[in-house]
Amino acid sequence: MSFSHLGLSEKVLAAVAATGYTTPTPIQEQAIPHVLARRDVLGIAQTGTGKTAAFVLPMLTMLEKGRARARMPRTLILEPTRELAAQVKENFDKYGAGQKLNVALLIGGVSFGDQDSKLTRGVDVLIATPGRLLDHTERGGLLLTGVELLVIDEADRMLDMGFIPDIERICKLVPFTRQTLFFTATMPPEIRRITETFLHNPEKVEVSRPATTATGVSQFQVSVGREPHEKRETLRRLLRDAKDLQNAIIFCNRKREVALLYKSLQKHGFSVGALHGDMDQSARTAALDQFRKGEIPLLVASDVAARGLDIPAVSHIFNFDVPHHADDYVHRIGRTGRAGRTGTAISIVTPLDFKSIAAIEKLIGQTIPRADGGAPSGESRAAPPSGESRPAREREGSREGSREGSREHSRGGRKPRREREPRRSGGDRNSPPQPQVAAFTPPSAPPASRAPSIGRTPAPQPSQESSEPADHSHLPAFLLRPVRARI
DNA sequence: AAAAAAG
């Protein structure tokens with residue numbers, strides 16, 4: 001199976017080849033020919049399935065002919081969040097490098113004027129979030145009557161976010177005869193209804209979605225009391241003890257909590273970024289960039305980061321707060337274990353969260369093993385602590401690429417288990433000497449007094465005190481904030 | 001109960 005017989009242009013094939021991809025994903029293989037045949041497509045797929053390229057590549061092929069007129073974009077892509085919009089833009093930049101295509105990003109939080117002047121010059125591809133797009137159309141700087149192809153991405157999420165009325169308005173502004181590509185991860189009744197009005201005789205393309213959680217993701221829960229500081233202490237300990245932790249997204253339910261936890265982790269010396277919707281767009285972009293590049297290993301985030309964001313190599317997800325919606329849990333932990341990799345997802349659970357956890361377990365059809373000792377409900381303690389994710393590691397065999405290969409293996413302390421030193425050095429070869437390590441030694445301990453948690457792990461945990469004051473001594477170097485403060 | 005998106 002290769003890209004070459006899907007009907008893509010030479011230029012696009014060359015661009016794909018240049019990125020190193022050789023085999024289309026199922027959604028790409030199924031959708032691309034239909035898109036090129038100018039059919040409407042109903043795509044049921046989540047991010048991580050290669051969905052974005054499934055529309056970007058054929059669009060690039062189709063756009064090779066013709067050119068844009070002022071204020072009249074030829075194609076329009078709607079995304080629920082600014083970050084997703086930016087991510088799609090990057091795809092056009094990557095695959096469309098050889099084409100002199102005008103691609104514009106219309107999102108909130110950034111200069112309106114720049115966007116307007118770009119529209120004036122004419123754009124082939126407009127990628128937008130609904131609010132800012134409507135802002136432009138209402139001010140008259142944008143005409144959608146020339147749109148030949150409309151992409152509605154992450155439709156179910158737009159529904160959750162209350163965007164559907166906006167989408168309906170936008171759909172009235174584009175020609176009835178346009179081609180429409182509609183992507184959604186799920187098919188709730190409301191979404192089914194709008195597909196009937198937005199799409200004309202669509203080709204349905206469905207890829208087996210990991211309806212719940214990817215198989216390569218080891219999930220655990222850790223019980224704590226309800227005091228905020230207990231959760232923070234527990235998180236720090238989990239971060240210190242996690243095995244194979246390369247980077248992690250730490251989800252909170254509220255923006256305020258994101259800000260708070262971010263500050264707390266910073267105070268404790270962690271190299272951490274934050275991401276939520278009340279931050280400046282520039283700060284959002286910067287945080288995400290740094291996290292993607294590996295400059296910052298930890299990202300505290302609201303659910304703005306829960307869906308769709310494509311960060312291929314997230315090793316750990318922490319739910320600092322258990323999401324109240326089971327769906328959100330699935331989306332959050334979907335940020336790890338991507339592209340066949342393995343990952344670990346750990347939820348910090350207070351007594352207030354039992355109902356949510358029950359709902360989550362029901363949805364995903366499995367129980368989430370406890371990584372801690374005392375199960376308040378008087379249950380087992382089963383699982384290995386935190387990042388152990390033993391099954392994942394064994395399955396894995398060898399780590400992907402050498403990229404950051406050095407970081408893992410850092411665990412110390414615990415049982416030696418399977419020497420892998422030889423491979424380690426191999427893996428390090430290409431990476432810069434990484435400070436690191438010795439780190440994950442079972443640090444001078446979890447607040448042993450603190451009941452819950454991982455405290456009782458196989459490893460003998462010296463019971464000392466971890467007094468709130470920053471105790472960096474046991475942090476893996478890469479988790480540490482550089483001395484010279486960055487901002 | 002909260003997040004996101006327009007200001």
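The values are calculated or read from the model by the stated rules, or taken from the named source; none is laboratory data. None of the values given here were measured: they were computed from a predicted structure. In this analysis, Cβ positions are derived from the backbone assuming ideal geometry, glycine residues included, and neighbour counts consider all displayed protein chains. Accessible surface areas use protein heavy atoms only, side chains included; no ligands, DNA or RNA. Shrake-Rupley method; radii C 1.70, N 1.55, O 1.52, S 1.80 Å.
Could you grab the pairs with beta carbons closer than 9 Å, sequence gap of 6+ or different chains, first residue in the stretch A:71-90 and under 13 Å from A:Leu142 (Cβ atoms), second one among the hydrophobic types (A, V, I, L, M, F, W, C) and within 10 Å of DNA strand B (Cβ to nearest atom)? Listed by first residue and then by second, the contacts come to A:Leu76/A:Ala128; A:Leu76/A:Leu133. Put simply, of A:Asp321, A:Asp328, A:Asp303, A:Asp280 the only residue that is open to solvent by 10 Å² or more (accessible area, probe 1.4 Å) and in contact with a Pro (Cβ under 9 Å, 6 or more places away or on another chain) is A:Asp303. Reported count of residues in the stretch A:314-333, each being among the charged types (D, E, K, R), over 11 Å from the mean Cα position of the chain (by Cα) and outside any loop (DSSP other than H, G, I, E, B), is 2. Within the stretch A:257-279, residues that are more than 19 Å from A:Pro228 (Cα to Cα) have Cβ atoms under 9 Å from residues that are away from DNA strand B (no atom under 16 Å from the Cβ) and of a type in the set (Asp, Glu) in these pairs: A:Ser271/A:Glu295; A:Gly273/A:Glu295, counting only partners at least 6 apart in sequence or on another chain. Is there any pair with a first residue in the stretch A:97-124 that is assigned to a strand (DSSP E or B) and a second that is among the β-branched types (Val, Ile, Thr) whose Cβ atoms are under 6 Å apart and which are 6 or more apart or on different chains, and what are they? What qualifies is A:Val103/A:Val125; A:Ala104/A:Val123; A:Leu105/A:Ile127.
Can you find even one residue in the stretch A:113-132 that is closer than 26 Å to A:Ala45 by Cα and more than 16 Å from DNA strand B (Cβ to nearest atom)? Yes: one or more hits.
Here the condition is being part of a helix (DSSP H, G or I) and under 24 Å from A:Thr367 (Cβ atoms); of A:Leu238, A:Leu265, it holds for A:Leu238 alone. Scanning the stretch A:159-189 for residues that are in a helix (DSSP H, G or I) and surrounded by 13 or more Cβ atoms within 10 Å (Cβ to Cβ) yields A:Leu159, A:Asp160, A:Ile164, A:Asp166, A:Ile167, A:Arg169, A:Ile170, A:Cys171, A:Leu173. Could you check, for the stretch A:90-99, whether at least one of its residues is on the phi < 0 side of the Ramachandran plot, in contact with a strand residue (DSSP E or B) (Cβ under 6 Å, 6 or more places away or on another chain) and within 16 Å of DNA strand B (Cβ to nearest atom)? So far as the stretch A:90-99 goes, no, none of its residues is on the phi < 0 side of the Ramachandran plot, in contact with a strand residue (DSSP E or B) (Cβ under 6 Å, 6 or more places away or on another chain) and within 16 Å of DNA strand B (Cβ to nearest atom).
Please determine, by comparing only the residues of the stretch A:334-353 that are within 16 Å of DNA strand B (Cβ to nearest atom) and in a helix (DSSP H, G or I), which one is nearest to A:Thr47 (Cα to Cα). Selected residue: A:Asp353. Only one entry in A:Ala259, A:Ala286 is under 21 Å from A:Arg232 (Cβ atoms), small (Gly, Ala, Ser) and open to solvent by 10 Å² or more (accessible area, probe 1.4 Å), namely A:Ala259. When A:Val88, A:Val16 are checked against the criterion of being over 28 Å from A:Thr195 (Cα atoms), open to solvent by less than 10 Å² (accessible area, probe 1.4 Å) and outside any loop (DSSP other than H, G, I, E, B), A:Val16 stands alone in meeting it. Among the residues of the stretch A:79-86, none qualifies, meaning not one is away from DNA strand B (no atom under 16 Å from the Cβ) and of a type in the set (Gly, Ala, Ser).
Checking each residue in the stretch A:134-157 for being near DNA strand B (Cβ under 9 Å from one of its atoms) and either under 22 Å from A:Ala54 (Cβ atoms) or in a loop (DSSP other than H, G, I, E, B) (or both) picks out only A:Arg157. Every condition in (1) away from DNA strand B (no atom under 16 Å from the Cβ); (2) assigned to a helix (DSSP H, G or I); (3) surrounded by 20 or more Cβ atoms within 10 Å (Cβ to Cβ) holds for A:Phe220 except the one numbered (2).
For the stretch A:241-256, taking the residues that are touching a residue at least 24 places away in the same chain (Cβ under 8 Å) and part of a helix (DSSP H, G or I), the one that is farthest from A:Leu275 (Cα to Cα) is identified as A:Asp241.
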